[in-house]
């Protein structure tokens, strides 16, 4: 794909909506390449997409994250537009997402769905779950994002060429966001319109299962990208447990001269040791991460 702008649509069982999505984006971006990644659809998604004028490739590993990885592997353009194939996003919003990237004002723009005008397009669990997960990411990474889970994004080729995505499922959106943040990329959120799913079209998202996967992805990436903060937090938890349990044994000894809570004292000691080990692990991994980042900078400079 050598086109300047590529609209990539990861799809699983979207035969009812994919044609309209393709037609809408062709209308808005007549010069763009439309690519559909069929992720083992059981219906006629691939056939309908080809008939609508899109190029279709397949990804056999099941999961949205794997489909996005396939897109990144195949991409050779200048700007990548990621959008879902369920026709819940308004293609007319693509211009406001695209311009900041084309004008070099942002490296990634994200369609922000979390505002009052879109409340009716979400189920209650999805609305609350999205806000909770986004706030969790903001707390851990010190950001002020509003919609981490949006599937409508415009991405500059610099990020595509420098990223290594690993999430296989719905954890792909937080991974995209966090990798961009860690690489110093400029992220801009743009309010967009969201529509409810069409009748007969069903969401593949399970609020509890996939929400747990996304939260696990956020915590895992926090551990990987900020090891000192992660293990210091873990050490603090162990330390507080050790102090709390140790206090009861010390209090008993002060009052009676006898240590009557031997198991509690042992657990307290083990917690204090765990706190020390966790903190040292954070220091070591943080140092390794820094050396790795320095190596990446040297490699980028040498490749110019």
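None of the figures in this text is laboratory data; all of them are computed from the coordinates on show. Quantities reported herein were computed from a predicted structural model and do not represent experimental measurements. As a convention, Cβ positions derive from the backbone with ideal geometry for all residues, glycine included, and neighbour counts pool all protein chains shown.
Only one of the values (i) 84, 52, 35; (ii) 56, 46, 32; (iii) 77, 40, 36 was calculated from this structure for Cα extents along the principal axes in Å; name its label.
Structure-derived value, by its label: (i).
Just to be sure I understand: with springs between alpha-carbon atoms less than 10 Å apart, which residue in 206, 40, 138 has the highest mean-square fluctuation in the Gaussian network model of the chain?
206
Normalised by the number of residues in the chain, what is the relative contact order in percent for Cα pairs under 8 Å and 6+ residues apart?
Values: 493 pairs, mean separation 50.2, N = 304.
For the chain, the relative contact order is 17 percent.
Beta carbons within 10 angstrom, averaged per residue: use that to sort the peptides 9-22, 181-194, highest first.
Working: 9-22: 22.8, 181-194: 16.7.
Per-residue mean Cβ counts within 10 Å order the peptides as 9-22, 181-194.
With angles folded into 0 to 90 degrees, how steeply does helix 18-28 sit against the dominant principal axis of the chain? Use alpha carbons for both and round to 10.
Helix 18-28 sits at roughly 70 degrees to that axis.
Testing the spin-label approximation: label points 7 Å from Cα along Cα→Cβ at residue 164 and residue 131. State their distance in nm.
Computed distance between label sites residue 164 and residue 131 equals 3.8 nm.
Can you pull the one-decimal nm distance between simple spin-label points at residue 60 and residue 209, each 7 Å off the Cα toward Cβ?
Output for this residue pair reads 2.3 nm.
How much length would be gained if the chain were fully extended between residue 43 and residue 233, taking 0.36 nm per residue of separation minus their Cα-Cα distance, in nm to one decimal?
Separation in residues times 0.36 nm, less the Cα-Cα distance, equals 63.7 nm.
Report, to the nearest 10°, how far helix 207-225 tilts away from the longest principal axis of the Cα atoms in the chain, using its own Cα long axis and a range of 0 to 90°.
70
Using helices alone, I'd like the mean residue ellipticity at 222 nm for the chain: each DSSP H run of four-plus residues gives -39500 (n - 2.57), total over residue count, nearest 500.
Calculated at 222 nm, the ellipticity per residue is -18000 deg cm²/dmol.
Based on the Cβ-Cβ distance of residue 284 and residue 254, what FRET efficiency does E = 1/(1 + (r/R0)^6) give at R0 = 30 Å, to the nearest 0.05?
Numbers: r = 38 Å, r/R0 = 1.26.
It comes to 0.20.
Need one number: nm distance between label points at residue 78 and residue 297, each 7 Å from Cα along Cα→Cβ, rounded to one decimal.
3.0
When 198, 33 are ordered from fewest to most other Cβ atoms inside 10 Å of their Cβ, what list results?
Values: 198 13, 33 18.
With the sparsest Cβ surroundings first, the list reads 198, 33.
For helix 172-182, report the angle its Cα long axis makes with the longest principal axis of the Cα atoms of the chain; keep it between 0 and 90° and round to the nearest 10°.
Taking Cα atoms only, the helix is inclined about 70 degrees.
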